[in-house]
Amino acid sequence: MEKGIKITTFGGGSSYTPELVEGFIKRYDKIPLRELWLVDVEEGKEKLEIVGNLAKRMVEKAKLPIEIHLTLDRRKALEGADFVTTQMRVGLLDSRIKDERISIEHGMLGQETNGAGGMFKALRTVPVIMELVKDIQEICPDAWLINFTNPAGIISETIARYTNFKKSVGLCNVPIGMVHGYAKLLGVDPSRVRMEIQGVNHHIFATDIFLDGKSVFEKVMGLYIEEEKNQTMKNIMAVKFSPDLVKGLGALPCSYHNYFFFTEDQMKKQLEEYKKGEVRGEVVKKIETELFELYKDVNLKEKPKQLEERGGALYSDAACNLISSLINDTCDIQYVNVPNRGAITNLPYNSVIEAASVITKEGPKPLAIGELHMPINGMIQMIKSFERLVAAAAIHGDRSAAIAALNINPLCPNDDKANKVFDALLEAHKAYLPQF
């Protein structure tokens, strides 16, 4: 580490890369980055060159000795890597659009990480991630894998369950967004706020909130109930949870619970978007086209403001804070996807949870919770079963596991639709589903 570190990013041609580069520049004193290798596939070559050249201009403007390398050779990119980050999209945005439109056509929500769409994103992604893990174990076995690729929970679950690789951490911007939201309600700096969370990726609840180490949960719950519409991410329709529901749960939901508690409202909105050719993937594709036109400008030397419209706000904060803490053994608390290891007593020991964890140089240590909070226990158990079945389906090409997974998921209306949407999505994505 004395000579600086090497970070390799898969999905380097992503529109999010400038945010990641900005994060590394801001934290150069804590993350002594020597080389950043941006890796992509042939289909993403043009975007890789555009975003890679912007990254070089950003580093040049910052006057930092960081080398930016662009490559399609993933094995070469892994040589000597200290950290490997993933932000890939197998099948590109066109596959996301198919996930969303085909799901809606079959009477269920079209969503990138939930329901049928989320399942098929996992089925496409898992084989690629498993190959990458194998390469890391061979070429740079001491490197940490920081996975930001969605669905992060299912990918982390698959790595934990089907490999012996122990240096993998799943990451999401939802928890850090919740912290910022609660800090805003309290009128304080987010650095003073910490949460206890229970659940799995995109299905977590805040069960306690601390300000300067003292619980302020009842106060925050009151402020949350008073909001006209509960805070959400840019890509999720804002809704209002009733005071009785929030009090009855005794827990504050994350944005993604909007799909589960307000399925009918979300479906109505998605049908309107579908008819206008404006499902979220289509909107994102338009935003990305505009972003890459901006990125081409040789005078642009910083992350453009428009990137915030992508819905991945605070992504670089989450990723860079985690890398910094792993390097510097800071023992601060962050929110990550890691094996349970007894933190939640009524979930399997090796299943992955999203939890407040102490970040050490040996890796994240999830804070003990005990049993899941009773009102949310059933939902979390159900989604964990969904994740485990999807992981099995992705590894073994097991149609039966996939159909059972869909039927377990509350976003699937019935078994007949589960079979039909599975067949339609399988046909649409067969080029990316060799295991089936």
Go through (1) open to solvent by 10 Å² or more (accessible area, probe 1.4 Å); (2) modelled with pLDDT under 95 one by one and return the number of the condition residue 320 breaks.
(1)
Being among the β-branched types (Val, Ile, Thr), under 30 Å from residue 59 (Cα atoms) and buried (at least 19 other Cβ atoms within 10 Å of the Cβ) narrows it down to one of 279, 220, 284, so name that one.
284
Take the residues in segment 225-234 that are in contact (Cβ under 8 Å) with a residue 40 or more places away in the chain and open to solvent by less than 60 Å² (accessible area, probe 1.4 Å), then tell me which one is farthest from residue 375 (Cα to Cα).
233
Checked segment 378-436 for anything outside any helix (DSSP H, G or I), touching a helix residue (DSSP H, G or I) at 6+ places or on another chain (Cβ under 7 Å) and more than 22 Å from residue 96 (Cβ to Cβ); matches are 398
Cβ pairs under 7 Å, 6+ apart, first in segment 369-385 and in contact (Cβ under 8 Å) with a residue 40 or more places away in the chain and surrounded by fewer than 18 Cβ atoms within 10 Å (Cβ to Cβ), second of a type in the set (Asp, Glu) and not in a loop (DSSP other than H, G, I, E, B):
none
Given the conditions (1) out of contact with any Leu (no Cβ under 8 Å at 6 or more places or on another chain); (2) not in a helix (DSSP H, G or I), which single one is not true for residue 169?
(1)
Looking at segment 77-97, is at least one residue in contact with a Leu (Cβ under 8 Å, 6 or more places away or on another chain) and open to solvent by 50 Å² or more (accessible area, probe 1.4 Å)?
no
One residue from 357, 385 being touching a Pro at 6+ places or on another chain (Cβ under 7 Å) and under 30 Å from residue 246 (Cβ atoms)
357
Identify all residues within segment 235-258 that are closer than 20 Å to residue 354 by Cα and either open to solvent by 20 Å² or more (accessible area, probe 1.4 Å) or touching a strand residue (DSSP E or B) at 6+ places or on another chain (Cβ under 8 Å) (or both); write none if there are none.
249, 250, 251, 252, 253, 254, 256, 257
Just give me the residues in segment 417-436 being within 21 Å of residue 259 (Cβ to Cβ) and either among the basic types (Lys, Arg) or loosely packed, with under 15 Cβ neighbours inside 10 Å (or both), in sequence order.
417, 420
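The values are calculated or read from the model by the stated rules, or taken from the named source; none is laboratory data. All values reported here derive from a predicted model rather than from experimental measurement. As a convention, Cβ positions derive from the backbone with ideal geometry for all residues, glycine included, and neighbour counts pool all protein chains shown. Heavy atoms of the whole protein, side chains included, go into the accessibility calculation; ligands, DNA and RNA do not. Shrake-Rupley method; radii C 1.70, N 1.55, O 1.52, S 1.80 Å.
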